[in-house]
Amino acid sequence: MSQDIIDLNEFMERVQDDKELLLELLDIFSEDSQEKMKNLKVAIQQNDYETVKSIAHSLKGASGNISAKALRQSLMKLEEMGKVNDLGQAPALYQEMEVQLADLFKRIEEIKQEFH
């Protein structure tokens, strides 16, 4: 499992080495992102540019908060697609993000094990 899915050093710095806060933020991200990804998939299928842009923006911020840089980059691209009303590449990017998210969830579980 790649350690770079989350930049843990940056994340620890962001939470000022508060492991409890870090774990809480990871839990919130895990719960929130699953529902948003489902809604994002529907929005892409329906060519709903505004919803794609809005959800991508929200998830981009959340992934940035936990220092999940690769996922944040993908969400930035998707948000941009929503802004320019061109979702042609969105389904492929969404599939890529599903893989990134699965890897991220595995990493989150590893971090939880390390910190407990």
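The values are calculated or read from the model by the stated rules, or taken from the named source; none is laboratory data. Since this is a predicted model, take the numbers as computed values, not measurements. In this analysis, Cβ positions are derived from the backbone assuming ideal geometry, glycine residues included, and neighbour counts consider all displayed protein chains.
Numbers below:
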{"quantity": "Unmet criterion (only one of (1) in a helix (DSSP H, G or I); (2) surrounded by 17 or more Cβ atoms within 10 Å (Cβ to Cβ)) for residue 4", "calculated": "(2)"}
{"quantity": "Number of positions in region 78-95 that are free of Cβ contacts under 8 Å to residues at least 40 places away in the same chain and touching a helix residue (DSSP H, G or I) at 6+ places or on another chain (Cβ under 6 Å)", "calculated": "7"}
{"quantity": "Selected residue (only one of 74, 54, 67, 58 is outside any helix (DSSP H, G or I) and either within 15 Å of residue 40 (Cα to Cα) or in contact (Cβ under 8 Å) with a residue 40 or more places away in the chain (or both))", "calculated": "67"}
{"quantity": "Scope region 12-27; condition surrounded by fewer than 17 Cβ atoms within 10 Å (Cβ to Cβ) and either touching a residue at least 12 places away in the same chain (Cβ under 8 Å) or in contact with a Cys (Cβ under 8 Å, 6 or more places away or on another chain) (or both); matching residues", "calculated": "19, 23"}
{"quantity": "From the options 89, 16, 34, residue that is under 11 Å from the mean Cα position of the chain (by Cα) and either of a type outside the set (Val, Ile, Thr) or modelled with pLDDT under 95 (or both)", "calculated": "34"}
{"quantity": "Subset of region 104-116 (residues that are under 13 Å from the mean Cα position of the chain (by Cα) and surrounded by 17 or more Cβ atoms within 10 Å (Cβ to Cβ))", "calculated": "104, 107, 108"}
{"quantity": "Residue satisfying all of: in region 74-101; under 17 Å from residue 64 (Cβ atoms) and either touching a Cys at 6+ places or on another chain (Cβ under 6 Å) or of a type in the set (A, V, I, L, M, F, W, C) (or both); surrounded by the fewest Cβ atoms within 10 Å (Cβ to Cβ) among these", "calculated": "76"}
